[in-house]
Amino acid sequence: MEAYERTVRDRLIGFLLFQPCLVLAALAAGILGGMGAGSRPPVDFDSERVVEVTGWVSGAAEQGPEYSFFPLTPLQVTQAGRTVHYPGDIAVYLNREEGEPAEMESPLVPGDRIRLRCYLNDPTFFAVPGVADMRDVYWTRGFLHVARLKSVRQIEMLGRQPGTTLLRGVFSYRRQFIEYSRGSLSARSERLARSAFLGERRVLDGEDRRLIRRLGIIHLFVVSGFHVSLVALAFHFFFGAWGWAGRLLTMGGLWGYIVMTGASLPTLRAGLMTTAVYVILSFGFKAGFLNVLGAATLALLVCRPASLGDAGFQFSVVSLLTIGLFVAPRRRRLQSFFAGIGEAWSERVVVVRSREAALRRRTRFWCEEKLAFLPRRLAVWVLPRLAKTGLWLGGLWLVGIAVWTVTLPLALQYSNLWVWGQAWVNLLLVPLFSGFVMLSMLLFVLFSTPLAPLPAALVDGFGRLLWNLMEALQPVGSAAYWPQPGSLFVAGYLIATLLAGVLLRRLQKGVLLLPLLLGLLILPPSGAGGKLVITMLDVGQGESIHLRYPGGSHGLVDSGGFRASGDPYFVGERIVGRYLWEERVGRLDYALLSHPHTDHTQGWRFLRRVFPTARLFVHDSDDYPDWPSVELEAGEVIDVEGVLHRILHPHRADSETGLWKTNDASLVMRLEYGCFSMLLAGDIEIEAELSLVRGLEPVSVLKAAHHGGRKSNSRLILERLRPAAAIISAGRRNPFGHPSEETLERLRETGARVFVTSRDGSLRVETDGGRCRISGYSIKEKRFVELMDFAL
């Protein structure tokens, strides 16, 4: 035992001594993480007033389904004649005008100098537990604010930015390539070329995105760490045999590719890291791989500390660490195995006494014994080529398995998606995508020449093949949604796994840590400690309310929803779903959809697939033909763990006669628990309120109707309810003006304190039946902060 401890201690000390840059990078990451390195710097300007921005387009414009996007580097920002210090870039979204074709490209190219008069808004964010702050996410990519332009007429052209002539030339050529591809390739092959080769993910539609996510190959469509490494490997595969000339061609091709794809901040980081690693390996210092990785990581963290919070940066560093610790030490045995295959029936015999040499000899003798039926000349020609291909595929398989295992908690933290067959799918698709990227590069070089038709036909055919193969692989790459592991657990898992790579000799022992992850992610039973907890989620301009009952059951009233980047699953998967996972909700006792408007129901399309739900309550099942449901009407009472749910509206007779329009037909429900009461008013407006007012009694808390709109929450109904507090779900800067000033004034006149998700974040009402506490979620402090407490 003492000898074993000494061996482990010596191995650890030796690793630390010979990898000083890696150790320093780890210490820097820990210090920067503790200091909150990803936080955005403050900017001193009024977001409610127009600013004037003079700047230059610093990257390629990307075409989305309803807009084009381009990065703008400010040269001067002024507001009311005052110059504003602005230490970042601006993400500009230019809406497509009515009647403009979907394939219309932005008229701007990198190097254009422009002037804008616009509002600078925060990136759309949601103050919900378990959901990342998109303001910090944008900042890790270099963007501080978002400018949304309604028309190209808001852009004033000022000429060219000095020193960008070469950049303009590259991107003008890139635009011509896109126009050629649009006319020469099929629609799906063109989208594949623009996304997998140029990194324009915005050209993919919702179905395409879901397909690649469920296969676990999103990294093949992101020009970041994995993609840059893939391109470097592809160039090295073709030119590496040419010595130093081939290495220079590899680096030239890599950086040409980085510039051509827009040279975004994540891509530049990946390019610098890949270059450092490639150069050191080219000198033959394979033992210094991890040290060079540490030096590159340390340099990036010193130059831009916010990189620490970027998902692409984290995946790149952890993946390269995995390759250095787990894959590289075992590649020698893989090489020995395939070398033995390639040497069958050759005159060369290895007599070195080592485990690798013994494996090489055994493999050779096995091949000569089992393949004796093959003609000698055929075997000698085929086996070396087969061995070379096998070594390449075997290396990819080893990398895929190791990287998938180690980065699994990171993947769950950012996407909740566990792709069971990801390693196998990558084994097949990574080589094919390498070939597709190289064919696309060939077409990029030749499209303006008479030789273009041949590579265009190859790219088109290869693109169709890839799409068909990806669709066929869906069952193999089946995915499951899992709760997000906590940040401390992710850090602990990564540290433990990487330490296993340092201290243990066998990869299998490191993989044994995987069941630990599974065990810790099992959802524990959640209870409310005798309290009823009602949480109105900050879902933007929509509505979703989670109820946690005293005994631990869970209910959901409405599921939120709005169209975000063409993804109808956005709110359900990335906001409501992540909140439920954060709260360790495994199943729902019921879900209730108050009425069929998209902002209340769209999230259910995703949630129903992931969270088992005992019952779905609606006011009219004809509105939900695809979802088995139970109809509710006025007069019904439901008891869930001592909490009474009284349905007050609408009456079935009124619904059958079509008396109410959709908003006024919303289910209205009164909750009662001890002395506490709360009215959930859906989206009813004045007519439905007048029909209800006589049967209403005072409530402790009011969920204001229709997001606080001016045609709802009339003075008559408020005087009848007399709530101590009112909560409202409304989106920041929503186009409807919710909540209206008239409604807010009426609520204040009745003595109610008003809380709005757009200002206070997600709102939580907690009660034991005797007292009521209302709190708002602080996205900065990552917790609910008390806003009001009163006796009932």
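The values are calculated or read from the model by the stated rules, or taken from the named source; none is laboratory data. This structure is a prediction, so every number in the text was calculated from the model and none was measured. So basically every Cβ, Gly included, is an ideal-geometry build from the backbone, and we count neighbours across all protein chains shown. Accessible surface areas use protein heavy atoms only, side chains included; no ligands, DNA or RNA. Shrake-Rupley method; radii C 1.70, N 1.55, O 1.52, S 1.80 Å.
On alpha carbon coordinates alone, what is the Rg over Rh value for the stretch 21-81, Rh being the Kirkwood radius?
My calculation of the ratio gives 1.16.
Towards the positive end of the charge dipole of the stretch 552-665, with charges on Cβ (+1 Lys, Arg; -1 Asp, Glu), say which of VAL576, TRP604, HIS645 has the farthest Cα.
VAL576
Run the 1.4 Å probe and let me know the accessible area of LYS703, rounded to the nearest 10 Å².
0
What fraction of the DSSP beta bridges in the chain is antiparallel, stated in percent and rounded to the nearest 5? Show your work: numbers first, answer last.
Details: 74 of 98 bridges.
Bridges in the chain that DSSP calls antiparallel: roughly 75 percent.
Could you sort TYR173, TYR579 by their accessible area in this structure, using a 1.4 Å probe and putting the largest first?
Listed by decreasing accessible area, they come as TYR173, TYR579.
Given labels modelled 7 Å from the Cα in the Cβ direction, how far is it in nm from PHE238 to LEU690?
Distance between the two pseudo-spin positions: 7.4 nm.
For the chain, what D do you get in µm² per second when you plug the Kirkwood radius from alpha-carbon pairs into Stokes-Einstein at 10 °C and 1.306 mPa s? Can you show the working numbers first?
Numbers: Rh = 29.7 Å.
Rounded to a whole number, D works out at 53 µm²/s.
With labels modelled as points extended 7 Å from the Cα through the Cβ direction, what inter-label distance (nm, one decimal) is found for GLU741 paired with ASP626?
A separation of 4.3 nm, rounded to one decimal place.
State the answer as a single residue: which of HIS595, SER714, LEU220 lies farthest towards the positive end of the charge dipole of the chain, with beta carbon charges of +1 for Lys and Arg and -1 for Asp and Glu, about the Cα centre.
Result: LEU220, furthest along the dipole toward the positive end.
How high is the FRET efficiency from THR83 to ARG160, r the C-beta distance, R0 25 Å, rounded to 0.05?
The computed FRET efficiency comes out at 0.60.
Can you send over the solvent-accessible area of HIS651, 1.4 Å probe, protein chains only, in Å² to the nearest 10?
Rounded to the nearest 10, the figure is 100 Å².
Order the peptides 678-688, 611-621 from the highest to the lowest mean number of other Cβ atoms within 10 Å of their residues.
Values: 678-688: 23.5, 611-621: 17.8.
Top to bottom by mean Cβ count within 10 Å: 678-688, 611-621.
Quick one: putting +1 on the C-beta of Lys and Arg, -1 on the C-beta of Asp and Glu, what dipole do you get for the chain around its Cα centre, in Debye to the nearest 20?
Its charge dipole is roughly 4160 debye.
If I fit a long axis through the Cα atoms of helix 165-184 and take the longest principal axis of the Cα atoms of the chain, what angle between them do I get, 0 to 90°, rounded to 10?
80
If I fit a long axis through the Cα atoms of helix 289-303 and take the longest principal axis of the Cα atoms of the chain, what angle between them do I get, 0 to 90°, rounded to 10?
Approximately 40 degrees, to the nearest 10.
Compare CYS772, CYS675 by solvent-accessible area with a 1.4 Å probe and give them largest first, with all protein chains kept in place.
CYS675, CYS772
What fraction of the DSSP beta bridges in the stretch 625-726 is antiparallel, stated in percent and rounded to the nearest 5?
Values: 14 of 19 bridges.
Bridges in the stretch 625-726 are about 75 percent antiparallel.
Rounded to the nearest 500 deg cm²/dmol, what is the calculated helix-only ellipticity per residue at 222 nm for the chain, with -39500 (n - 2.57) per DSSP H run of length n ≥ 4?
My calculation for the chain gives -14000 deg cm²/dmol from helical runs alone.
Per residue, how much accessible surface does the chain expose to a 1.4 Å probe? Answer in Å², no decimals.
Using a 1.4 Å probe on heavy atoms only, each residue of the chain averages 45 Å².
Rounding to the nearest 10 and keeping the result within 0 to 90°, find how far the Cα-based axis of helix 376-415 lies from the longest principal axis of the chain.
30
Would you kindly compute the Cα radius of gyration of the stretch 110-224 and its largest Cα-Cα separation (Dmax), both in Å?
Cα only, the stretch 110-224: 17.6, 47 Å (Rg, Dmax).
Given the convex hull of the Cα atoms of the stretch 656-792, what is a quarter of its surface area in nm²?
Its average projected convex-hull area is 8.8 nm².
How high is the FRET efficiency between ARG168 and GLU786 when r is their beta carbon distance and R₀ equals 45 Å, given to the nearest 0.05?
The pair ARG168/GLU786 has a calculated efficiency of 0.25.
Going by Cα centres, the stretch 292-328 and the stretch 205-219 are how many Å apart?
So the separation of the two Cα centres works out to 25 Å.
Using a Förster distance of 60 Å, how high is the FRET efficiency between ARG330 and SER778, based on the Cβ-Cβ distance and rounded to 0.05?
The computed FRET efficiency comes out at 0.80.
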